[in-house]
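Note sheet for the following structure.
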Amino acid sequence: MTLFPEIADHVRESGMSLFAAGGIADGRGVAAALSLGATGIVMGTRFLAATETRISKGYQQEIIRAKDGAQCTTRTMLYNHLRGTIGWPEQYSPRGIINQSFHDHQAGVEFEELKKRHDEALKSGDKGWGPEGRLATYAGAAVGLIHNVRDAENIVKGVQGEANEVIAELANDTM
């Protein structure tokens with residue numbers, strides 16, 4: 001919480017814009033970011049549940065199903081390796097929703113067996129995703145705040161409206 005305002009203080013005099021990203025999926029996150037000194041925000045995971053997003057329905061339904069993003073996601077290279085995506089430095093390990101592949105990996109199942117199961121799941125279409133699934137669902141920790149699929153325009157307008165409501169409530173609060 002202290003790093004962002006400190007950076008905002010340093011950047012303010014330069015006239016540069018400062019955008020907050022990570023964990024923002026609703027108006028509360030926007031209001032918090034603005035209060036810390038952001039001039040704008042960036043949302044990623046929230047738009048995985050937009051009607052315009054070109055991902056499998058199984059992937060999108062897993063985004064909606066996930067709850068408590070801090071508990072149901074993890075940073076791991078496992079999903080990349082199962083998909084054959086290699087070469088990323090370890091510090092850039094992506095965040096994904098925990099699934100059966102991850103549980104099996106934690107239980108000591110050999111990578112070759114995990115890869116075999118993953119490749120079989122690829123053939124099952126939308127059934128390959130989910131808690132019992134094996135396909136990667138990359139998502140940020142804000143995934144638990146996403147409850148429906150909406151048009152991108154409605155997502156943006158909804159988040160703007162929520163942020164305005166939160167800011168107005170805070171302004172009217174007589175603490």
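The values are calculated or read from the model by the stated rules, or taken from the named source; none is laboratory data. This is a predicted model, so every value here is computed, not measured. All Cβ positions, even for glycine, are placed from backbone atoms using ideal geometry, and neighbour counts span all protein chains on display.
All conditions in (1) in contact (Cβ under 8 Å) with a residue 40 or more places away in the chain; (2) surrounded by 14 or more Cβ atoms within 10 Å (Cβ to Cβ) hold for LEU78, with the sole exception of (1). The residue pairs whose first member lies in segment 96-112 and is touching a residue at least 24 places away in the same chain (Cβ under 8 Å) and in the same structural domain as ARG83 (by TED's automatic domain parsing), whose second member is loosely packed, with under 14 Cβ neighbours inside 10 Å and not in a loop (DSSP other than H, G, I, E, B), and whose beta carbons are closer than 9 Å, counting only pairs six or more residues apart or on different chains, are GLY96/ARG75; ILE98/GLN71; HIS105/PHE111. What residue, of VAL143, VAL156, VAL109, is outside any helix (DSSP H, G or I), among the aliphatic types (A, V, I, L, M) and out of contact with any His (no Cβ under 6 Å at 6 or more places or on another chain)? The unique qualifying residue is VAL109. Filtered by the rule that a residue be among the β-branched types (Val, Ile, Thr) and at pLDDT 95 or above, segment 61-117 gives ILE63, ILE64, THR73, THR74, THR76, ILE97, ILE98, VAL109.
When segment 82-138 is filtered for residues that are acidic (Asp, Glu), surrounded by fewer than 12 Cβ atoms within 10 Å (Cβ to Cβ) and within 20 Å of CYS72 (Cβ to Cβ), only GLU132 remains.
Every condition in (1) closer than 22 Å to ALA70 by Cα; (2) among the polar types (S, T, N, Q); (3) exposed (fewer than 14 other Cβ atoms within 10 Å of the Cβ) is met by THR45 except one, and the failing one is (3).
Please tell me if THR53 is among the polar types (S, T, N, Q), over 19 Å from GLY161 (Cβ atoms) and either in the same structural domain as TRP88 (by TED's automatic domain parsing) or out of contact with any Gly (no Cβ under 7 Å at 6 or more places or on another chain) (or both). So THR53 passes the test.
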